[in-house]
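Peer 1: Dumping the structure here so I can ask a few things about it.
What follows is calculated from the coordinates using simple rules that are stated; it is not laboratory data. As the structure is a computational prediction, the values presented were derived from the model and not from experiment. No Cβ is skipped: glycine too gets one built from the backbone with ideal geometry, and neighbour counts run over all protein chains shown.
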Amino acid sequence: MTEAPPSTEASEAELPPERRGGPRLVLDLLVFPLVIVAVGVGVFVLFGLITSEGKGPGDYLDLIRTGDSNRRWQAAYELSKVIQGSQDPALKDPRLVGRMVSLFEETKGDDPRVRRFLALALGRLGNAQAVPALLEYLGSVRRGEGTDSETHIYAVWALGAIGDDAAIPELVALTTHEDPGLRKTAVHALGAFRSGEATAALERSLGDPASDVRWNAAAALAHHGNPAAVPVLEQMLDREQVARSEEVTPDQTEEILLRAIAGAARLSDARLSARLAELGRDDPSLRVRAAARRSLEQQGRRE
């Protein structure tokens with residue numbers, strides 16, 4: 001599912017890193033699971049966070065290794081924030097990602113939040129050196145090892161954010177996992193890739209029984225200009241149909257409409273144009289009406 005970030009912390013927890021190479025994972029067109037947003041909000045509301053002034057990536061890694069249980073996961077979260085959008089030269093040191101990977105592997109029995117935020121940090125760092133450890137972890141998940149579904153989701157997200165092609169087979173395999181949360185995150189992550197294998201998995205996921213998996217697949221395919229997305233996008237552009245989904249709140253309905261409108265702008269199709277015209281004229285939300293009109297203008301310029 002999707003929602004507009006309700007606070008600064010949520011926005012920081014949801015957004016990907018600026019890519020240092022490889023395909024960019026475009027979150028503004030993908031309906032992403034709520035877990036990362038929700039955790040970002042709760043971190044500061046429920047707990048006193050460690051003092052962050054003057055600390056760099058190495059300091060947080062030291063705290064993760066030596067701090068008490070509460071400080072370790074907070075340090076991991078702060079590390080993910082420091083990495084996001086930072087120009088710190090220390091982030092280019094190959095030893096840094098090595099230390100992060102080692103900690104990710106060593107904290108198996110720790111508070112699960114430590115590994116979640118380390119996975120988030122690895123994704124934001126965008127270094128392919130982290131991919132083998134993340135793949136090994138997710139391979140163990142598929143073998144039935146490990147029960148923390150949120151950490152699974154963070155690791156899948158990280159692989160998509162890094163964008164290394166070595167992750168594609170594992171992500172494709174996860175699109176058929178029994179856990180719909182893993183399926184929708186795997187589909188989301190595959191939106192970063194343009195390979196035939198990734199595209200085929202996204203097209204198959206258009207028929208997934210879970211609506212948000214289908215929506216992720218359609219948004220990803222639309223971003224790549226693939227017309228296979230049209231039937232599901234058409235459904236996403238129907239406010240009443242989206243609102244009938246049991247998992248969707250009224251606020252999320254609007255965000256899903258906006259994501260679908262953004263995807264429709266990349267495709268030329270009479271069915272989508274008709275939906276956009278209707279939304280631009282009649283939708284109760286000013287944001288939706290304005291976005292639909294802009295999308296129609298983009299379609300017109302392309303034609």
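Peer 1: Report the gain in length on full extension from S102 to R194: 0.36 nm times residue separation, minus Cα-Cα distance, nm rounded to one decimal.
Peer 2: Numbers: separation 92, 0.36 × 92 = 33.12 nm, distance 3.04 nm.
That pair, S102 and R194, stretches by 30.1 nm at full extension.
Peer 1: Could you pull out every one of the lysines with an alpha carbon less than 20 Å from that of K55, ignoring same-chain neighbours closer than 8 positions?
Peer 2: Qualifying lysines at Cα under 20 Å: K81, K92.
Peer 1: If you stretched the chain out fully between S268 and D68, how much longer would it get, using 0.36 nm times the residue separation minus the C-alpha to C-alpha distance?
Peer 2: 66.4 nm
Peer 1: Okay, next question. How far is it, in nm, from the label point at D165 to the one at A128 when both lie 7 Å from their Cα along the line to the Cβ?
Peer 2: Placing both labels 7 Å beyond Cα along the Cβ direction yields 0.9 nm.
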